[in-house]
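For reference, the structure is listed below as structure tokens.
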Amino acid sequence: MKTIRVGGRTLDLRRPVVMAIVNVTPDSFFAGSRTPEVRAVRERVRRAVAEGASIIDVGGYSSRSGAADVPPAEELRRVSLAVEVIRNEFPEMPVSVDTFRAAVAEGVLSRFGPCIVNDISAGEFDADIMEVAARHGVPYIAMHMRGTPADMQGRTAYGDVAEEVAAYLAGRLEAARQAGIRDVVLDPGFGFAKTTEQNYELLAGMGRITALGCPVLAGVSRKSMIYRVLGITPEESLNGTTALGWECLRQGADILRVHDVAQAVQTVRLFDYYREHGRI
């Protein structure tokens, strides 16, 4: 059975769930996701919960290409601001902390208790982050990326992108297990060190990642793999996000990480109904 345990709560992933993005940043690539102050965070979280989010993912460091560096203390301040709002408003809501820094993860977990650690570097940027997740007994999301957000788009030479991503994640899964982490989620890293074409090749080959036996998170929401193909902007990319979200579910994704919760929840509900009644 696919489950992850966050503190005293167990999330059953036999039916896919939706993770809502809350960016406590001034420069995330999609302007609609920026919630740098308490009031904006509160409104965003209330809406996400009302629309059916199962996890709130909080980030204080933009990972878009070319984003400015954020000192660890400032990242921790931003993330703590949002987690405090969530704990006050919805104390039982599972929270994911989007950070690659052990000190930030430690600061949040020590102050607020169990949260999912969502690491875009899969432990490559800060080797201590896996130890922090293991010591606190919390789930860990390992994402595939090459290089850093600043240089990743120059590191897109693959033979078979799906095979290489799956092999990489298998290695990071083993590292997480060796660190003592019980619940590991794998993220193919759409948009990170992949060309537009490679993102679609990876999507078509996601079965190689789901075969590793862990829950899989897919994050395609409003990304360049949508708006570059369509010649539009991130603000115009909701319809494309919904279309690719369905395909992510069809390819075995258990968690959809999105900016637009209501539409993703509807997509999951329709997919569940189709899977139950469509004889697939």
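Inspect segment 252-260 for any residue being at pLDDT 95 or above, under 21 Å from K2 (Cβ atoms), surrounded by fewer than 22 Cβ atoms within 10 Å (Cβ to Cβ) and within 17 Å of the chain's Cα centre (by Cα) and give the result as yes or no. Don't jump to the end; show me each part of the working.
The initial filter retains those residues of segment 252-260 that are at pLDDT 95 or above, namely 252-260.
Narrowing the set further to residues that are under 21 Å from K2 (Cβ atoms) leaves 252-258.
In the following step, the residues that additionally are surrounded by fewer than 22 Cβ atoms within 10 Å (Cβ to Cβ) were identified as 252.
From the residues that got through so far, the ones that are within 17 Å of the chain's Cα centre (by Cα) too are 252.
Scanning segment 252-260 turns up at least one residue that is at pLDDT 95 or above, under 21 Å from K2 (Cβ atoms), surrounded by fewer than 22 Cβ atoms within 10 Å (Cβ to Cβ) and within 17 Å of the chain's Cα centre (by Cα).
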Any hit, segment 101-108, residues being among the aliphatic types (A, V, I, L, M), surrounded by 24 or more Cβ atoms within 10 Å (Cβ to Cβ) and in contact with a Leu (Cβ under 6 Å, 6 or more places away or on another chain): yes
Qualifying residue in segment 63-72 (condition: farther than 23 Å from T10 by Cβ and acidic (D, E)): yes
Where a residue in segment 131-148 is closer than 14 Å to V165 by Cα and its partner, wherever it lies, is hydroxyl-bearing (S, T, Y), with Cβ under 8 Å and at least six apart: M143/S121; H144/Y168; M145/S121; R146/T156
A176 vs. criteria in contact (Cβ under 8 Å) with a residue 24 or more places away in the chain, crowded, with 16+ Cβ neighbours inside 10 Å and either part of a helix (DSSP H, G or I) or polar (S, T, N, Q) (or both): yes
Residues of segment 220-235 classified as among the small types (G, A, S), open to solvent by less than 50 Å² (accessible area, probe 1.4 Å) and out of contact with any His (no Cβ under 6 Å at 6 or more places or on another chain), total: 1
Filter result (open to solvent by 20 Å² or more (accessible area, probe 1.4 Å) and either modelled with pLDDT under 95 or in contact with a Ser or Thr (Cβ under 6 Å, 6 or more places away or on another chain) (or both)) within segment 236-251: T242, W246
Meets criteria (outside any helix (DSSP H, G or I), under 25 Å from R155 (Cα atoms), among the aliphatic types (A, V, I, L, M) and open to solvent by 10 Å² or more (accessible area, probe 1.4 Å)) for L212: yes
Filter pass, V41 being surrounded by 23 or more Cβ atoms within 10 Å (Cβ to Cβ) and modelled with pLDDT of 95 or more: no
Residue in segment 91-98 that is open to solvent by 10 Å² or more (accessible area, probe 1.4 Å) and under 19 Å from M145 (Cβ atoms) present: yes
Some residue of segment 138-155 being open to solvent by 30 Å² or more (accessible area, probe 1.4 Å) and either touching a strand residue (DSSP E or B) at 6+ places or on another chain (Cβ under 6 Å) or at pLDDT 95 or above (or both): no
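The values are calculated or read from the model by the stated rules, or taken from the named source; none is laboratory data. Owing to the predicted nature of the structure, the values given are computational and were not obtained by experimental measurement. Every residue, glycine as well, gets a Cβ built from its backbone with ideal geometry; the counts of neighbours run over all protein chains shown. Heavy atoms of the whole protein, side chains included, go into the accessibility calculation; ligands, DNA and RNA do not. Shrake-Rupley method; radii C 1.70, N 1.55, O 1.52, S 1.80 Å.
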